[in-house]
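Have a look at the structure below, then the notes.
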Amino acid sequence: MSDDAREVGFSASEIMIAASARQLVGAHNCFVGVGLPNIVCNLAQRIVAPKLQLVYESGVYGARPERLPLSIGDPTLATGSTAVTSMFELFAFYLQAGLIDVAFLGGAQIDRYGNLNTTVIGDYDAPKVRLPGSGGACEIAIHARRILVIMRQGRRSFVDRLDFRTSPGHSGDPAHDRARGWSGSGPTSVVTNLATYGFDETTGEMTLLTLHPGVPLEQVREQMGWEPKVADDLGETPPPTTEELRLIREELDPAGVYTK
Amino acid sequence: MSDDAREVGFSASEIMIAASARQLVGAHNCFVGVGLPNIVCNLAQRIVAPKLQLVYESGVYGARPERLPLSIGDPTLATGSTAVTSMFELFAFYLQAGLIDVAFLGGAQIDRYGNLNTTVIGDYDAPKVRLPGSGGACEIAIHARRILVIMRQGRRSFVDRLDFRTSPGHSGDPAHDRARGWSGSGPTSVVTNLATYGFDETTGEMTLLTLHPGVPLEQVREQMGWEPKVADDLGETPPPTTEELRLIREELDPAGVYTK
Amino acid sequence: MSESKVASMRDAVAELVHDGDTVAIEGFTHLICFAAGHEIIRQGRRDLTLARMTPDVIYDQMIGAGVASKLIFSWMGNPGVGSLHAVRRRVEHDDPEPLELEEYSHFGMVCRYMAGAANLPFFPLRSYYESDIPEVNPKIVPMTSPYEDGTGVYVVPPLRPDVSIVHAQRADAEGNTQIWGLLGCQKEAAFAAERVIVVVEEVVEESTIRRDPNRTVIPAAVVDAVVQEPFACHPSFAQGYYDRDNRFYIDWDAIARDPDTLQAWLREWVFDLSSHGDYVEKWGDAHWDALRPGPAPSGEVDYGRYA
Amino acid sequence: MSESKVASMRDAVAELVHDGDTVAIEGFTHLICFAAGHEIIRQGRRDLTLARMTPDVIYDQMIGAGVASKLIFSWMGNPGVGSLHAVRRRVEHDDPEPLELEEYSHFGMVCRYMAGAANLPFFPLRSYYESDIPEVNPKIVPMTSPYEDGTGVYVVPPLRPDVSIVHAQRADAEGNTQIWGLLGCQKEAAFAAERVIVVVEEVVEESTIRRDPNRTVIPAAVVDAVVQEPFACHPSFAQGYYDRDNRFYIDWDAIARDPDTLQAWLREWVFDLSSHGDYVEKWGDAHWDALRPGPAPSGEVDYGRYA
């Protein structure tokens, strides 16, 4: 019997979760967002990162939620956690001080260097769509040692040019990036509903690494605002294992809030 | 029967305590030092400032000590207090933010403008006597709305010229002092074992206001390093009342640690 | 030796919140004082500048009601649900009138409160590098370390609300306030403000506070009024007292999408009620019972008696 | 999911404190870890830079024992008693050798730890105006607000100890640490340091910590070793566990006045003992019984179970 779940089928969200969770091998302190990242982290804790500490910008370190949190400030995150701190402390002593290994970001727009826009579509002073703004994303992008991006891809979200750069990614000039002196090394991975990407070490450019099972390269290229760089050894994203699916469906999101 | 305790007698410490306590009329938040200031504040709370909150730089707000604290970090200060904060918070949110009405300072040397030296006697790099240093005194002098000085006077402590200015007092130029923009207005009173002093509103200079009972003016002038300005209406320091003495001797310092 | 500052929400808002004020109703997901927002709406305040890290449904309601002309913030949205439609109508279409925005990142907002609380003229942080945010907010200014490293930082100015309204689990009558669970910026917002209203689930004896002084977050020294108003955070929550009403956050999306529905909601749930007590009664006991969590006691520590 | 960092004091000091290190043993009157100072003396460390807001008897002992060449501080003395004689001999008479001083005010030291903990290149404070302190310490630098007010401040650089040694009432085996009573700079000193030793009265179950997460002051994320050492603060104190031994502070004055008496004390109470356990035994049970406070329980709060 195969360990993968190809024959039972899985949703786009489920493979996004499984593919992202595997990126957390060995991670210690992870800044968790709500929704998919929350499930990703809980899955990773069970399969590849037993020491993973869930850190929330709301001020929680070492959360152990008894239910699926519906916001990053859910009361289930405080009860039974290791520490609750003021937000100043969380941002200054944990994030700015470089204690966060890995964080999740997403956005309405991403460019080929992993810069993100969560502020505005259109002109800032005459917005077509006013988005939420930075929240903690700007400083997370700068300080978390690795940034994992999870978002659905399309021509309006994977764009050649951002309408607004909320959170900095790579600059396109790796020498410049190294000289920044940030504790973060910027985005290292993007997982979408179609594929996974890394970032080229010499150019900092997003590079297509694997296609999800059944997704043709052409579909990925259609759903991007630029012609993507493709890895020489372009592969297939390993599908979720049956155990991963079981954890997602039975333990982490039994109501299917985020994974249907 | 007289309300003053002239006939029963009192020590120099006792009149220093009583004279200082009366300066606290109407005060709310008072930065307390250990020793005499601690007894002064506890006495003031009972006689002239029922709303007085005792604040300690160790991080205690609203202390209600069950015994005479022997240091500003005595455990009796934390137990039963209203709030215990980090020292950052105490200095930043309480002191620097201007919440402290009144604070006590002292020192090895004071000059005629109320500048204080708690750092060194002699040259800084080749000290004759190395003193403790600033502690919180430098910022207390700047931020507490009023500074009350309590110290024994003598030619080596009341000096024409400080060896080191640890904590700023008045500058001698009231226009300059007003333009500083500090929340504090500097020293407003000095109480010694011989006399009490205020500071001239136009020159900022220390001015002899009252002589303690039985102390001749000549003795005071002998025990100062400069020729003191004397108030036109030089008076006598009211001696401790019998009730004040009773409180000091029976409740506040029954062992006579600070008042003998 | 203590002085009662206990007041009704109506009196506290009437006395301490004025037209044109900068008002901060803080609380990060937790302890957001909706009841105070409703009272401000009910009393018809105008031209407020509203400050808040995360303007969520409470500010959508207040901005939909027309109390504010400006917003200072770092993330605006209905968490886990979507947009704030009343806010977006004003920002995207000046409908019914423009809304001025002044925006930061979370850490920038936190540092603004810190500077306000600490009476600092600026506060440095390592953020905003290579972001467009400073380009649309000239108050975010670059600065260089004077030390050898020459590290670049950005600085933000102090935020000093005219009024901060802070919810907490409990306070004594003088205003000594204790919070557990998420702390957000409640402390910094209170110390930074000119005037402070503390709203609590329970006013407790001073002795309850004094038994655990390390739990005190805000001292009476900065508090002007203490309002006892159970369930005042609904649909937000108070740790240990009631859960977040996630259903309401989802329902709000549909209510706020249409300006008429929103106004009808305000009429029914704010203007036609005289107080938060009416609001609690209107929801009914079953609603509150369903939001009550099980017990999770903290355990005790011993401070020791030193007498 | 958890990892034990529990170690003996001997192993923790041997592994984490090296000759030439900058070492901070913090604690403001409360929670000063004398046992760690004694172990550092016993292991013969040399050339340390000792940082501490208030070098008191512990640093007089360490400096008398010759472990340090430099002191970073804001107030040095034997609180309520007088001078630190071993320190003064070195400063006033280079006896037996010079001691370099770098001095601040209390708030300046606090801000140095804050900058270190927050990874800021400098920290602004409103102090030092018209004081001579900046003249003898070039690290205290004036700076002007970039905003309209143009307010002048001073800034201090981050203090990043190689090792911070922090005492606390309790921690779990991984290092999640809880403190009540005076907090001093324990948190800031821990976050600022490269390596952290937490010494506690009791190592407790993780579940004890998790029952009251707001009480946690230092998270495991920054802790390298957890040492269980009851009475490790003596003659300082641990709130709720034992009182300050004021008698010892007074007695120290006479001991330290004479270099020979001081060396004899070090021999008897440090070098001739193999551990703090011996020290506790040598003082005897009656001594510890006399320092025990009465009970003053904190009361409990309810976090609520949200399952």
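Bear in mind that the values in this text are calculations on the coordinates, not laboratory data. Since this is a predicted model, take the numbers as computed values, not measurements. Ideal geometry is used to build each Cβ from the backbone, glycine not excepted, and the neighbour counts take in all protein chains shown.
Tabulated data
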read-out: Per-residue Cβ neighbour rank within 10 angstrom, fewest leading, A:ARG146, C:ARG52, D:ARG292; value: D:ARG292, A:ARG146, C:ARG52
read-out: Rg [Å, one decimal], Dmax [Å, integer] - the protein assembly as shown, C-alpha atoms; value: 30.8, 107
read-out: With 10 Å bins from 0: P(r) over chain A, alpha-carbon pairs, percent; value: 7, 30, 37, 22, 4, 0
read-out: Kirkwood Rh and Cα Rg combined as Rg over Rh, evaluated for region D:34-125; value: 1.00
read-out: Label geometry 7 Å along the beta-carbon vector: A:GLU201 inter-copy distances in nm; value: 7.6
read-out: Percent antiparallel among DSSP beta bridges (both partners in the protein assembly as shown, rounded to 5); value: 40 percent
read-out: Axis-nearest residue of D (beta carbon) for the D-onto-C rotation, whole Å; value: D:GLU300, 3
read-out: Shielding score for D:218-226, defined as the mean number of other chain Cβ atoms within 10 Å; value: 4
read-out: Overall dimensions of chain C by Cα: Rg and Dmax, Å; value: 19.8, 67
read-out: Ranked packing of D:181-193, B:15-27, A:54-66, most packed first, by mean Cβ within 10 Å; value: D:181-193, A:54-66, B:15-27
read-out: Charge tally in the Cβ shell below 13 Å around D:LYS187, where Lys, Arg are +1 and Asp, Glu are -1, D:LYS187 excluded; value: -3
read-out: Base-10 log of normalised Debye intensity for region A:87-199 (one unit scatterer per alpha-carbon) at q = 0.10, 0.14, 0.16, 0.24 Å⁻¹; value: -0.28, -0.56, -0.72, -1.35
read-out: Relative contact order [Cα under 8 Å, 6+ residues apart], chain D, whole percent; value: 21 percent
read-out: Convex hull of region A:162-260 built on C-alpha atoms - directionally averaged projected area, nm²; value: 8.9 nm²
read-out: Relative exposure of B:ILE150, D:ILE25, judged by other C-beta atoms within 10 Å (fewest first); value: B:ILE150, D:ILE25
read-out: Fewest-first sequence of C:PHE237, C:PHE271 by Cβ atoms within 10 Å of each Cβ; value: C:PHE271, C:PHE237
read-out: Among the listed pairs C:LYS139/D:LYS187; D:LYS5/D:LYS187; A:LYS128/C:LYS70; C:LYS5/C:LYS187; C:LYS187/D:LYS187, those beyond 21 Å (Cα-Cα); value: C:LYS139/D:LYS187
read-out: Cα-centred dipole magnitude for chain B, charges only on beta-carbon of K, R (+1) and D, E (-1), debye, nearest 20; value: 460 debye
read-out: Net charge contributed by nearby residues that have their C-beta within less than 10 Å of B:GLY26 (K/R +1, D/E -1); value: 0
read-out: Ascending list, in nanometres, of distances separating the C:GLU300 label from those of the other copies (7 Å, Cα toward Cβ); value: 1.0
read-out: Compactness index (Cα Rg / 2.2 N^0.38 Å), region A:40-93; value: 1.10
